[in-house]
Amino acid sequence: MSQDSRPVASGATPEDIAPRSVTSPPDATAPESPTLSRRRFLQGLGATAGIIAAGTIPALVSASASAEETAVGTAAEGFAPGVEENPLAEILHEDQPVNYPGHTTSYAPPPGKEKWAMVIDVKACVGCRKCVYGCMKENNIGRNSGFTYIQVLEMDQGSIDLETSNVNYVEGGRPDKWYLPVQCMHCMKPTCVYGCPVKATWRDPDGIVLIDYNKCIACRNCMVTCPYYARHFNWVEPEVPKNEINPDVPLEEKAGVVEKCTFCVQRTRNGKTTACVEACPVGARKFGDLNDPNSDVSVILRTRRAFRLKEELGSGPVIWYVG
Ligand code: SF4
Ligand code: SF4
């Protein structure tokens, strides 16, 4: 379980709040199953879950917005007067530079004026976790690290009760369940960036939030300040089978630092899509440029009702959900 040092909601047990020694990994040998502390993640999502607990996914995307939908927020709601016809204009207007310029990493700099975003269709998602494994292989996630960048929550059909969701389900595709993949949301106002005391993490102009593993001092403040629990501390030297190492992604540098989804920066800045999009067998994931009106994400956000997790916090996540 890598999500220690977390603020926990009321009702936390002493185990939840007890400080852990850096030299005593909580469970470095844990199986590779998603180690996001489901309970804490769900506590974190509690506000949203509480708002929409009575709803259903069909209700979230129905043509007539309910009070619950409005509270959750949709891509087509809450825009300034005059921009209703073009929701993307408002999304891009929200996008303020919050990064610390001048960072250099082994990754190529953003090539153009792209503003990357993702849309996940929860109605299409079958919970197969191929995105999880595709991401793990692409991004040199240590097979011994005990976490994955993506988690998929399984819930009962007709319910959005995150409290009873299951990240450790054995097999997806159950007709009585639906699936909600979660990962770093690449927030426009990333609280993780604000939380880093040494500027080891930042948001690039194309919207990708990155970490310089050589600058990270392992204080884990970013983990505390991320409302999506999307960051993971690597307690071990990450192990990846030699024939599966991706030379385009750091490996050794990731021991003893914080990691997370990078929107596959090594691919997306070179004209490819993310590994999770490529791995998804049902096309539930779309990745693209909000500045391109013809990109999949732009078209979907213009034409379909969509919601974001914890939108009420104002961190401006750039992963939307439709269903
Ligand atoms: Fe940072 Fe968390 Fe937002 Fe990702 S989801 S950008 S880690 S605050
Ligand atoms: Fe869902 Fe696609 Fe991920 Fe499978 S690969 S869990 S269908 S998003």
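The values are calculated or read from the model by the stated rules, or taken from the named source; none is laboratory data. Quick caveat, the model's predicted, so the values are computed rather than measured. Using ideal geometry, Cβ is built from the backbone for each residue, glycine included, and neighbour counts are taken over all protein chains shown.
To keep it simple, each residue is scored yes or no on (1) within 16 Å of ligand 2 (Cβ to nearest atom); (2) surrounded by 19 or more Cβ atoms within 10 Å (Cβ to Cβ).
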residue	(1), (2)
Asp206	no, yes
Ile211	no, yes
Cys226	no, yes
Val249	no, yes
Gly256	no, no
Glu278	yes, no
Asp289	no, yes
Gly314	no, no
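For the range 288-310, the condition of being in a loop (DSSP other than H, G, I, E, B), closer than 19 Å to Ser145 by Cβ and of a type outside the set (Ser, Thr, Tyr) holds for none of the residues. Check whether at least one residue in the range 153-162 is in contact (Cβ under 8 Å) with a residue 12 or more places away in the chain, within 16 Å of ligand 1 (Cβ to nearest atom) and more than 23 Å from Gly323 (Cα to Cα), and report yes or no. No, the range 153-162 contains no residue that is in contact (Cβ under 8 Å) with a residue 12 or more places away in the chain, within 16 Å of ligand 1 (Cβ to nearest atom) and more than 23 Å from Gly323 (Cα to Cα). Of all residues in the range 187-198, at least one satisfies being within 16 Å of ligand 1 (Cβ to nearest atom), under 14 Å from the mean Cα position of the chain (by Cα), surrounded by fewer than 23 Cβ atoms within 10 Å (Cβ to Cβ) and among the hydroxyl-bearing types (Ser, Thr, Tyr).
Is it the case that the range 152-164 has a residue that's assigned to a loop (DSSP other than H, G, I, E, B) and surrounded by 23 or more Cβ atoms within 10 Å (Cβ to Cβ)? Yes, the range 152-164 contains a residue that is assigned to a loop (DSSP other than H, G, I, E, B) and surrounded by 23 or more Cβ atoms within 10 Å (Cβ to Cβ).
Residues in the range 107-134 that are near ligand 2 (Cβ under 9 Å from one of its atoms) and not in a loop (DSSP other than H, G, I, E, B) were compared, and the one that is nearest to Phe287 (Cα to Cα) is Ile120. Cβ-Cβ distances below 8 Å connect the following pairs, each with a first residue in the range 181-197 that is within 18 Å of Tyr213 (Cα to Cα) and within 16 Å of ligand 2 (Cβ to nearest atom), a second residue that is of a type in the set (A, V, I, L, M) and part of a strand (DSSP E or B), and a separation of six or more residues or different chains: Cys184/Val209.
The set of residues in the range 222-269 being touching a Lys or Arg at 6+ places or on another chain (Cβ under 8 Å) and among the aromatic types (Phe, Trp, Tyr) consists of Tyr228, Tyr229, Phe233. Taking the range 182-205 as the range and being closer than 24 Å to Leu290 by Cα and either of a type in the set (Lys, Arg) or in contact with a helix residue (DSSP H, G or I) (Cβ under 6 Å, 6 or more places away or on another chain) (or both) as the test, the residues that pass are Met188, Lys189, Thr191, Cys192, Thr201, Trp202, Arg203. Within the range 129-166, which residues are among the aliphatic types (A, V, I, L, M) and modelled with pLDDT of 95 or more? Val132, Met136, Ile141, Ile150, Val152, Leu153, Met155 - these are the residues of the range 129-166 that are among the aliphatic types (A, V, I, L, M) and modelled with pLDDT of 95 or more.
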